[in-house]
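Below you'll find the structure, written out as structure tokens, and then a few comments.
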């Protein structure tokens, strides 16, 4: 439950004089229930029906926040975390009485891991998650008597360049738990990429607690957008008491049946199929050899998927036929009374013959879902104050493992833009790029899921794992490509063909010039809400190029000084360990010794390195890359100061005096 606030401020629930004087017992109870502004903690919770009825008649005092978030899933928690780390006042409510404990999403793709790494929240995941790097296919043949055999194994990470080139299988509830603990602590978690003095742009504002069992019942957005808090939301608490909240922005992260989306009158366009699948999370004994691979099985048209999970658990997803379960034509929902865990277990055992699968070790969770692909017609209200994210704006089959990852990426894209607008670093026009970028991604995602679903259902011939492998860069997220816009300028693409404008800056191993410690380039792009300027200097021993670098540094400094705390400059030298010094870089491009790197092989060759310039397609002449706070490349330019400053002009912010 919670606000972010510097100091706890207590507001008691106000009752009429007659009730305050009712009797000593009721008066004492009323006094014991107070509303603590930063946490909503009941000092003494009264559960009697009489007291609940009494309390429900009254309204808590109105409060104000920068951003109000509806929904405590991955998208809502990611936004709350990023916004609160930037010092903004945030509140998160979730209608569920208790937080998610089991089930739902279980896959973190490479880009999802990179995003979580950029905010300092991957250590527990990498320690506990099951890593998956290959897929296996099994099928029956006409003469196999309903028994399956291995048909192929293949890499899941072929062509994926990252410091985390794998799927991490990890429960959504555990990911949410990591976010909640970080929010609850109220401390700075997003790591710095350097030892250099940091700006105060990233300053946690306080603790945030997700308020369970609290839900909105009314939302109004003022036509007068000059108001500081144009959004008014009416909430209901578990006690029955109501409360009014005013906000500058509201984020609807409230799932496929989004209340926020309904309030905005936004349609979901798409269709629900007749394909029904059952899901079981269990601990098993088996002689199936690929139980720890992402395995796809086709036994005479009945299909199943194995997803290896953390702690030795396994997720089985099995196709259910019309005879097993029915779908309500009015709602499109599954009649779950027709199929339970026992029926799904029997289906799994049938599909995996001749292998034995013993579920006696325990069933953790089970569920049923209908395949459907639907997309919101728009992602925001007409005034640009209310936005929807995650399942609230796109739903699709879970076969490619994108649900949690897409939600995290939606939040990653929008949160830095909200920070910039609320801090006065950008105009509200910046927020329009959220729908432009993320809805285009969702269109591509739904098209891919539709193709996979058709193959998995047997309606179209093919191999679903082959389809995923061919689309691997998109599936793992490293190939997400934002189209040209106010913050994506493709005109300099030829300066570095291997650094794709609109995609995240590519991974390569580089060495810190001061001590030759290897780093991934992704280390430079922490989610600290500031732009990064990466100068690939080329050969700094060339006198002409060195003068050009000095001119560039002076020009950048004049430009950056009017936009304080918004940029970090890094340099990568085309140099070898034997003759490289961080002091070779002009002082104007070297704010600190640990902002200078070289492109060479690490002393321990297994650590890699020495391929950055070649991979990026950059020669001795060098180039400059402008990288957005979400790690996506905004522009490329030569080292000519005029061209470089022109590339930086896509960062349109108010200038300091």
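Any read-out appearing in this document is the output of simple, stated calculations on the displayed coordinates, not a laboratory observation. Just so we're clear, the structure is a prediction, and the values are computed from it rather than from any experiment. In this analysis, Cβ positions are derived from the backbone assuming ideal geometry, glycine residues included, and neighbour counts consider all displayed protein chains.
Below is a table of values for the structure above.
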| quantity | calculated |
| --- | --- |
| Semi-axis lengths (Å, descending) of the ellipsoid that matches the C-alpha gyration tensor of the stretch 490-648 | 21, 18, 15 |
| FRET efficiency estimate (nearest 0.05) - Cβ-Cβ, residue 493 to residue 150, R0 51 angstrom | 0.75 |
| Centroid-to-centroid separation of the stretch 629-650 and the stretch 372-438 [C-alpha atoms, Å] | 25 |
| Modelled FRET efficiency - R0 41 Å, residue 185 with residue 300, Cβ distances, 0.05 increments | 0.20 |
| Relative contact order (percent, whole number), the stretch 490-648, Cα cutoff 8 Å, 6+ residue spacing | 37 |
| Estimated FRET transfer efficiency (residue 607, residue 649; beta-carbon r; R0 35 Å; 0.05) | 0.40 |
| Rg followed by Dmax, in Å, when the stretch 100-172 is reduced to its Cα trace | 16.4, 53 |
| Sequence of 257, 632, 592 once ranked by neighbouring C-beta atoms within 10 Å, starting from the fewest | 257, 592, 632 |
